[in-house]
Amino acid sequence: MDVFPYLVAGWVFLAGCYGLATSRNLIHAVGCLSVCQAATYVLLLTVGYRDGATAPIFSDLKPGSRPVVDPVVQALTLTDVVVGATVTALLLALVVQVAKRHGTVDPDELSELRG
């Protein structure tokens, strides 16, 4: 098993976390969270990959004759994409509301939100 895709997933996740930690803008923070989410796509597809495997369509293959890719991991990745897009849209809508009410998207200037 090759470790390169796992390293790529880890690097993308760390790049998103670094951007999130150093962000001075809520819109940038939402974008960095989306980058962290993209690391999960790479990780899930890496887990489901099999070298020399084909699509899991058995109309032209005799079952057990060739290895096939796990379709559950592909379905989870597709679900992850949809959930990630929904969460990103919701967070951006919240950022728009914060900008309307407080006039800024800088987290340091939002002193009214501190507990």
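The values are calculated or read from the model by the stated rules, or taken from the named source; none is laboratory data. Quick caveat: nothing in here was measured; it's all calculated off a predicted structure. Methodologically, a virtual Cβ is constructed for each residue, glycine included, from the backbone with ideal geometry; neighbour enumeration extends over all protein chains shown. These area figures cover heavy atoms from the full protein model, side chains too; ligands, DNA and RNA do not enter into them. Shrake-Rupley method; radii C 1.70, N 1.55, O 1.52, S 1.80 Å.
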Task: Members of the range 1-34 that are open to solvent by less than 60 Å² (accessible area, probe 1.4 Å), without any contact (Cβ under 8 Å) to a residue 60 or more places away in the chain and of a type outside the set (G, A, S) - done: P5, V8, V12, C17, C32
- [ ] Go through the range 78-97 and give me each residue that's under 14 Å from the mean Cα position of the chain (by Cα) and over 15 Å from V35 (Cα atoms).
- [x] L78, T79
Task: From V83, V96, V73, residue being of a type in the set (V, I, T) and surrounded by 14 or more Cβ atoms within 10 Å (Cβ to Cβ) - done: V73
TODO: Return only the number of the condition from (1) over 11 Å from the mean Cα position of the chain (by Cα); (2) loosely packed, with under 12 Cβ neighbours inside 10 Å that P56 does not satisfy.
DONE: (2)
TODO: Select from the range 39-49 the residues that are aliphatic (A, V, I, L, M) and free of Cβ contacts under 8 Å to residues at least 40 places away in the same chain and write down the one among them that is nearest to V98 (Cα to Cα).
DONE: A39
